[in-house]
Amino acid sequence: MLEKQWMGQQVDRSICTWFWTQAHPPGHDEFGPPRVPAVIASPTYYLISIVREGVTFLACTLSEMQPLLGIEFLCRVADVLAEYFGGLNEDLIKDNYVLVYQLLDEMMDSGFPLTTEPSILKEMIAPPNFVSRVLSVVTGGSSSMSSTLPTAASSNVPWRALGIKHTNNEIYFDLVEEVDAIVNKDGFLVKCQVYGEVQGNSRLSGMPDLTLNFTNPSIISDVRFHPCVRYQDWEARQHLKFIPPDGQFKLMSYRVKGLENTPLYVKPQLSCSEGVVRVNILVGIRIDPGRTIENIVVDVPWPPTVTTAELTANHGTVLFNSSTKVCTWTIGRIPKDKSPCLTGSVNLEAGLDRLHEFPTILVGFKIMGVALSGLKVDKLEYDNIAYRVYKGFRAVTKATCYEIRT
Amino acid sequence: MNADNRKGELAELKGQLRQLAGSRAPGVEDLKRELYKKVISYLTVGIDVSSLFSEMVMCSATSDLVLKKMCYLYVGNYARGYPELALLTINFLQKDCQDDDPMIRGLALRSLCSLRVKNLVEYLVGPLQRGLKDSNGYVRSVAAIGVLKLYHIAPSSCTDNDFPVTLKALLLHDSDPQVVANCLCSLLEILSIEGNVSEAALREKESLLHRNVILSLLNRFKEFSEWAQCLVLEVVSKYVPEDAQETHDMMDVLDDRLQHANSAVVLATIKVFLHLTMSMADVHQKVYERIKAPLLTLVSSGSAEQSYAVLSHLHLLVMRAPMLFASDYKHFYCRYSDPSYVKKLKLEMLTAVANESNTYEIVTELSEYAANVDVAIARESIRAVGKIALQQYDVNAIVDRLLQFLEMEKDYVTAETLVLVKDLLRKYPQWSHDCIAVVGNVSSKSVTEPKAKAALVWMLGEYAYDMSDAPYVLEGFVQSWAEEDFAEVRLELLTAVAKCFFKRPPETVQILGAALSFGFADANQDVHDRALLYYRLLQHSVEVAERVINPPKQAVSVFAGDQSSEIKDRIFDEFNSLAVVYRQPSYMFLDKDQRSPFAFSEDTGSSIIGPQSPGREDLPSDIDARDNDLLLSAHEKEDSRAVSNGSHGYSSSKFHTLQEFTDSAFAPRSPSPTQPIRNARATPLPPAAVSSTAASPLLAVDDLLGLGPSASAEPFPPLKLNPKPVLDPASFKRKWGQLTVALTLEYTFPAQAMVGLTGPQPLVRHMQTNSVQCMASGNAPLKFFFFAQLADAPANTGFFLVELVVTTSSGLASAKIKADDSSLAPAFADSLQSALSKFGSL
C-alpha cells in the first residue's frame, strides 16, 4: 500500500480496509473484479477507484468534484507508472517507491492534477531505464535526474519537447479494432459495432507535422482525438493533422456502427430432458475476412445448477472448470477440412428437470492484418522535417465480447 | 520483522546516516541515496521512522536532486507530528528556495508549503511572495498552489498579505497557462471558503465570473492542460452570456472539446453546453443531438470505470429527454460481462427510451434478461417490461411475453410477472381479458412472495367474473389463513373475498364467513379492524358495503413517480459531479450533519482546516434555499425509498408535511403558499399562470379525511375525466364554432421538456395518458386541438375543447379552452396545466 496525501486533512489508512471489504466481500474471489462501482460513498469519504493489472488505485475526497476527472486521473497514473516501469504490478511498485512518489508529486498538487503527459514527466524524472542504471554504475553516481526543467511545459506544443533527437527516424501506427456483438437466442445479430483505436509509436526528431489520410473516413460514426490532433482539419477534410508526441500514444479512438455481420458464426443448440442438457455448438466462418482467424476461444459459463459436463470437440481442446462451471473450448484456427463442433451433455443438480438459466456464450478471436470495419490508412505525409521517415502500419481485429445468447 | 529487530535496524540506519552527514568523500551521495531509499520504503509500508528525523535533516545538505526529493518527502511526512524538528528543516528549505535551478526552487517551495505546521507560517510568506514573482513559470505555478496551502494553515496571514489580489493579477496576465490554471484553482477555493464569512470575498468570487475573466480564459483555452481545461470549463458553466451571439461564439470555441480523448474534458464541455442553452429551448435540443454521439462512444469504448461514470450521466440525460435517444436503444443492451450496477442503469434507460417503433425489440431484449443468471437483474427486467407496458399500447406483444415468463416456471419470474399484470390491469382495465387468460394458468401454490400473492389475490377478487374458479382458489387461500405470515396478503384476501362475494354470492358466502371469522381472531390490528368493518358494513346493508368495498374504479393514469422532478432538476444542475453518479443532489450527501458521526484522523489542524471540505455550493445564502428544498422534498420522499436515505435528521419535515396537508386541503386551487418557495429556487420552474380557484375547500377536507362517501355527488377537486372519450371531428368542429372561449391559459415548457417536443406526437401521447385526447395536430407551428370529457357525463355533453399553440423557440404554450359547461372550465384548466407540467419530467 502506498499513499500520497495532498490535502491538509490526513486520510486515515483504514479507509483502504473498508474499501477492500466492500469490493471483495468475504467468500468471494479475492482476485476477481471489485464488486462495487467505480464511484462509491464510504461513511467518511467519497471514493473513486480503478483496478489495473491487479493493482487498485483509490482516491478519496470529501467534497463534490467531477467524477470523471478523478477516474481519468487515476487512469493516467496507472498509465504513467506502466510506461515508466514497463508494466504494472505490486513488485514493480515496491521496487520503485521513490519514483512513484516523485511522479505523484509532479502529477498532482493540492488535489489538482498538473502534468500527466508521459513525455514531459520523463524530462523531469528519468525513467529507470537500463541506460541510466548502467551510467550511474560506470560514472559512479551522477544523478539520474535531469536537472533542467522541461522545455515543453511552456511551449505551444505541450505534449512534445523541443529538440528531440533519434538516430533512426521511424513512426508506426497500429489500427486496433474490437468487435462488440450480440446474437440473441433466435440467432439474430441484434447489435454489432466496432471500436477502434489508432495507436502510434513515434521516434521522430524535431517537430514533425504529420498528415494521416484514410481511404474511407466516412464509415466512422464518432471519434475522440489525442489533444495533438487539429480538429478543424478533420472537420474540413477528414484527415488527421498533428505533431505527434514522442513514444507511444493513442492518436484517436473511433466507433463504427451498424456492421451487418461478424466473420464467425456460432450456432448453439441446447435441449433438456430429465436433468440432462444435450449440447451441440457449431463454429464456422461466415465471411472470410481475407486473413486467418486466430485464437478462437469459446467460453460457455454454465449456471451453478450444472454439476458435471461431458463435452468433446472434433477440433481443439475442451476444459470444464467445475468450480466456476465455465467450459472453455480452445479452437485456435478453423481447419480447412472440417467445421469445429462441440458435442456432449451436461448434468443438472438432482431434482432439476431442465435448465432455467441459459448460458451466454462468449467468443473470442483475433485477426491479424485486417481492420474489421474496413477502415484503411491511405498514406502518411510529413512536413517540417528534412530527413527520411520509415513508416509502418499494422491492423488487428480482436473480439473480446462477442456474445451468443442461448 | 519483529520489533527488536526493527529497532536494531533503525539504530543502524541512524548511525550510518550520522557518519555520512559531514562526509564529502566521493561516492557518498550514492550511499546516502541507498539509505534514504530504505527509509522511504519503511515509511511507505507504515513503519515509524520518525526517530531518524534529525539525521535525515543533517544529511540533506546535498546538491543531488533525487536525494533532495526523498528528503522533502520524508520531512513533509513527519513535520506535522514533530513541529520542533520541522523548524530544523526551514533553514535548508528556505535556502533551496533561492537556488539557481528553478526545479529546486519549485520543489523546495512546494515542500515548504506542505509542511503544514502552524507556527512556521511566518517563514512561508517571504518565499511565497518571491515565488509568485519568480521568472520561471514552474516556480510561479508551485507558488500559486502554495498560497492555497498557506490559506488552509493560516487564512488570516494569507489574506493579510494580499495573496488573493496577487493571484488574480496573475490569473489575468501571466504568460504561463499552468500558472493561470493554478491561480484559478487556488482563488476559487480560497474565495468560496472566505465567502462564508466575508461579503467582499463573495463579491470577489462573483467577479471571477465576469465577462473579462471568462473571455480571457476562453481565448487561451487551447493552451491549458487538459486538467486545467476541466477547471476552466467548470467555471465557464456558471457564466451567463450576455446574448445569444455570445453563447454561440462560446460554443464554437469549445465544440472540438467534445472529441477530446479525456473524458473529463468531454463531460465538462457538455455541462457548459447544457447550461449555456438552458434558456434557449431550440438550441438546447440541438445540444442534446450534438452530445449524444460522444457520450455513447465514451460509454462503450472507455475503461469499465469511465464507462460507469459516463453512463450515470447519460442516464440523467436519457431520463430528461428519452425521445432523443429512442433510436440508440441498442447501446443500452446489457453485455453479459457488465457488472449488475451497470445493467441496472441500462435497464432503466431501455425502459425510458421505449416508444412505438422500438418497443418490440426492447421488450424482446428485456425478455432475454429474464432468463439471466443474475436474479436481481432478471427481476428488474421483468419490472422494466411492466413499465414499458404501462407506457405503450402494444398489448399483444406484451401479453406474449407474459406468457413466456410464466412458462419459465421460475418462482421469482412468476412472482414479478403477477405484480406486473396487476399494475397493468389497474391502468388498463380494458386488457383484463388477455391478462386474466394468462394469470388463470398460474398455480396458486407456486406463488410464495407476499407481493405476488397479494397481486394474485387482488386479481381474483377484482375479476371474479372472468376467472371461473376464483371462489375456489380464494377458498384455498382462506383455508391456509394460519400459515399466511404476511398481513399484507391477509388484508388483500379479506377484500378479495368480499369483492368476490358481491359478484358471485352463492359460491362465496361460506368462504366470506370463514375469512371474516379468521380476521376477527387475527393478531394483526389492521386485519382485525378490516374484518370488523366489513362485517358491520355487511350487517348494515350489502349494497352500502358493496359501494364502499367495491366501488367502480377509475383507471390509474399515472403511478407515483419515484423521484420528484425538482430533485432531478437539481441533479441536472450539478451535471458532471458525484451527485449524478450517486443520483442524489449533493446537498443530500455532502452535509456533514446528516452523516453518521465518524472519527477524523485529525489533530490540531482540523479546527482551522474544517471549512475547506464542503463543496463550493456551501455559501450561506444557499443554505436557506437548501433547507427549503429539503423540506419540500421531504414528503415526496416518503413515497420513494430510492431517495429517502438523505432525508433523515431533519425534524422539521413533519411540520412541513402538515403544512402541505393544510395547503392542499384548504387551498387546492389557488396558488398555494408553497408556490413562492418553489419559484425562489435555483431550478428553472415554469412561471405558471394559474387562473382559477377551487370549488369548495371544505369539501376537499371531507374527502381527505375520508368523510365523504366515495360516490360523492360533487365533482372531485381533480376533475374526473373520461379516459376514452369519443368525439368525431365533425362534432368537434361544430362545438368549436358554437362555444365561446371560456378561458385562456399560458404555460411555459421548461427547456428539458421542449427537448422532447420534436414533433406533436410525444405531447399527444402524453396528454392521452391524462385523459385528454387529440383531435388534430400540426407541426409548424406546433399546434394541437385537444378534447376531453367529464367522466360520467352523458354522451355528447360535458366536453372540453382546447386549442394549444406552442412556440418552439421559447417553449411558450398558449391554450384556448372552450367547455360545454363553462363553469367547469377553471377546474379543467387546472388539470390541463398540471398535465402539461408533467410533460417531459416523467
task: Fewest Cβ neighbours within 10 Å first, please rank B:L763, A:L319, B:L739 accordingly.
output: A:L319, B:L739, B:L763
Of A:K94/B:K69; A:K325/B:K344; B:K346/B:K783; A:K122/A:K165; A:K257/A:K325, those spanning more than 23 Å from alpha-carbon to alpha-carbon: A:K325/B:K344; B:K346/B:K783; A:K257/A:K325
task: Take every residue in peptide A:184-194, count the Cβ atoms of other chains within 10 Å of its Cβ, and give the average of those counts.
output: 3
query: With the Cα gyration tensor of chain A giving a ≥ b ≥ c as the square roots of its eigenvalues, does the rule (a/c under 1.5 for rounded; else a/b larger than b/c for prolate; else oblate) give rounded, prolate or oblate?
result: oblate
Estimated FRET transfer efficiency (B:S135, B:K222; beta-carbon r; R0 22 Å; 0.05): 0.35
B:A776/B:A437 FRET efficiency (R0 22 Å; Cβ-Cβ; nearest 0.05): 0.05
field: Within 10 Å of each Cβ in A:56-67, the average number of Cβ atoms from other chains
entry: 6
- request: Could you please rank B:F405, B:F501, A:F393, placing first whichever residue has the fewest other Cβ atoms within 10 Å of its Cβ?
  value: A:F393, B:F405, B:F501
statement: Computed Rg/Rh for segment B:417-539 (Cα atoms; Rh = Kirkwood radius) stands at 0.95
statement: Quick shape check on segment B:209-301: root eigenvalues a ≥ b ≥ c of the Cα gyration tensor, a/c under 1.5 is rounded, otherwise prolate if a/b tops b/c, else oblate, and it reads oblate
- prompt: Which lysines, on any chain, are close to A:K379 with Cα under 16 Å apart, when same-chain ones fewer than 8 places away are left out?
  reply: A:K241, A:K391
field: Under 21 Å from B:K427, Cα to Cα: lysines that are on another chain or at least 8 residues apart
entry: B:K387, B:K451, B:K453, B:K499, B:K553, B:K720, B:K724, B:K838
- prompt: Is the shape of segment B:53-194 best called rounded, prolate or oblate, per the rule: a/c under 1.5 gives rounded, else a/b larger than b/c gives prolate, else oblate, with a ≥ b ≥ c the square roots of the Cα gyration tensor eigenvalues?
  reply: oblate
message: Checking the cross-link filter: which lysines have an alpha carbon closer than 24 Å to that of B:K168, excluding same-chain neighbours under 8 positions apart?
response: B:K133, B:K149, B:K205, B:K222, B:K238
query: How do B:285-295, A:301-311 rank on mean C-beta neighbours within 10 Å, highest first?
result: B:285-295, A:301-311
- prompt: By per-residue mean of other Cβ atoms within 10 Å, what is the highest-first order of B:804-813, B:255-264?
  reply: B:255-264, B:804-813
Segment B:Q19-B:S337, length gained on full extension (0.36 nm per residue, minus Cα span): 108.6 nm
query: What full-extension length gain, to one decimal in nm, is calculated for A:Y387 and A:V276 as 0.36 nm per residue of separation minus the Cα-Cα distance?
result: 33.0 nm
Shielding by partners, peptide A:102-112 (average Cβ within 10 angstrom, other chains): 6
message: 5 Å is the cut-off here: which amide hydrogens, built 1.01 Å from N in the peptide plane, fall below it relative to A:I293, excluding neighbours closer than 5 in sequence?
response: A:I334
- prompt: When only Cα pairs under 8 Å and 6 or more residues apart are kept, what is the percent relative contact order across chain A?
  reply: 15
statement: Going fewest to most other Cβ atoms within 10 Å around each Cβ, A:R203, A:R405, B:R130 line up as B:R130, A:R203, A:R405
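A short reminder: the numbers here are calculations on the coordinates, not readings from a lab. This is a predicted model, so every value here is computed, not measured. Positions of Cβ are backbone-derived with ideal geometry, glycine not excepted, and every protein chain shown enters the neighbour counts.
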